[in-house]
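Asker: Pasting a structure here, questions to come.
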Amino acid sequence: MAPAPAPALSVRGLAKQYGAVEALKGVDLEVNKGELVGLLGPNGAGKSTLVKIACGLVRPTTGQAAINGEPPFSAKARRSLGYLAELFRFPGWYSAVELLALHQRLARSDGGATERQALLRLVGLEDAAERAIETMSKGMQQRLGLAQALIGSPDLLLLDEPTSALDPAGRRTVRQLLEELRQRGVAVLLNSHLLSEVELVCDRVAIISGGRLVAQGAPRDLTRARGVEIETDTGRHVHAEATREDVPRLVADLVHKGESVYEVRLLRTTLEESYLEVVEETDE
């Protein structure tokens, strides 16, 4: 029986100390092929340190990280990895196509013009191929950054706030792109403060606070039920303790009383509310 393939990203017992400061305190995390994982946490929680270790830019104090089973600083791992930093800067005098050609050389990609055209089409910039970067909006530059991260068809993408500069239409474009990458089997670790976006697109969420992994799971698993809301001809009524199983009885009671029922909603906390609860409990 063939062994199971290695995760796209695996960290085990990951700890990093900068002098007296413990940035990470023994984090275990995996991102599997075709999986989108949202990395959440307050400023200073250790998210950036984890990403830098995954990129091979920082060595852990203890513990291990691997890209497709290879050490992050190895040539094999780097060929499997695409990265978009939050505060990236591209030469303003370059055109979009020139920038991609530069990064193809840096990544030793032999995709040529075909790859450049396909990536610009993928991020919706095919009509801006010859446009100087300094004349682009920040949202266009963000999408160009995503295109450069995809050079060489990496197995794993590390994205740091990829939708922070985008308007709603741009965020929808990125969501569609991430969905397509999932279908291609690309793994994505998405660091974002836009929890509503993470809730829409991610298969799983990992929350880091104080250098520790304090919660992880599917977005729905991290939220909790908070009752049932029923709209009738007399207004909206919230039954805070009710569950899905209580709905038929509640509706039947209202109809029996002569009320018309127009809508029934199962209420849940948002991912943002659950995130704040977890982080506040950790701080305490």
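The values are calculated or read from the model by the stated rules, or taken from the named source; none is laboratory data. This structure is a prediction, so every number in the text was calculated from the model and none was measured. For neighbour counting, all protein chains shown are included, and Cβ atoms are generated from backbone atoms with ideal geometry for every residue, glycine included.
Asker: Is it the case, given these coordinates, that Arg226 is surrounded by 13 or more Cβ atoms within 10 Å (Cβ to Cβ) and closer than 27 Å to Leu29 by Cα?
Answerer: Judged against the criteria, Arg226 is not a match.
Asker: Hey, any hits in segment 176-192 for a residue that's under 25 Å from Thr282 (Cα atoms), of a type outside the set (Asp, Glu), touching a strand residue (DSSP E or B) at 6+ places or on another chain (Cβ under 6 Å) and part of a helix (DSSP H, G or I)?
Answerer: no
Asker: Follow-up. Checking the conditions here, which among Ala169, Ala206 is within 22 Å of Thr49 (Cβ to Cβ) and either modelled with pLDDT of 90 or more or not in a strand (DSSP E or B) (or both)?
Answerer: Result of the check over Ala169, Ala206: Ala206.
Asker: Does Val58 count as closer than 17 Å to Leu158 by Cβ, part of a loop (DSSP other than H, G, I, E, B), assigned by TED's automatic domain parsing to the domain that holds Ser196 and β-branched (Val, Ile, Thr)?
Answerer: yes
Asker: With part of a loop (DSSP other than H, G, I, E, B) and either touching a residue at least 40 places away in the same chain (Cβ under 8 Å) or under 19 Å from the mean Cα position of the chain (by Cα) (or both) as the only criterion, which of Gly63, Gly82, Gly34 stands out?
Answerer: Residue meeting the stated conditions: Gly34.
Asker: Also, quick follow-up: Looking only at segment 85-118, which residues are more than 20 Å from Arg131 (Cα to Cα) and aromatic (Phe, Trp, Tyr)?
Answerer: Within segment 85-118, none qualify.
Asker: Among the numbered criteria (1) assigned to a helix (DSSP H, G or I); (2) buried (at least 16 other Cβ atoms within 10 Å of the Cβ), which one does Leu106 miss?
Answerer: (2)
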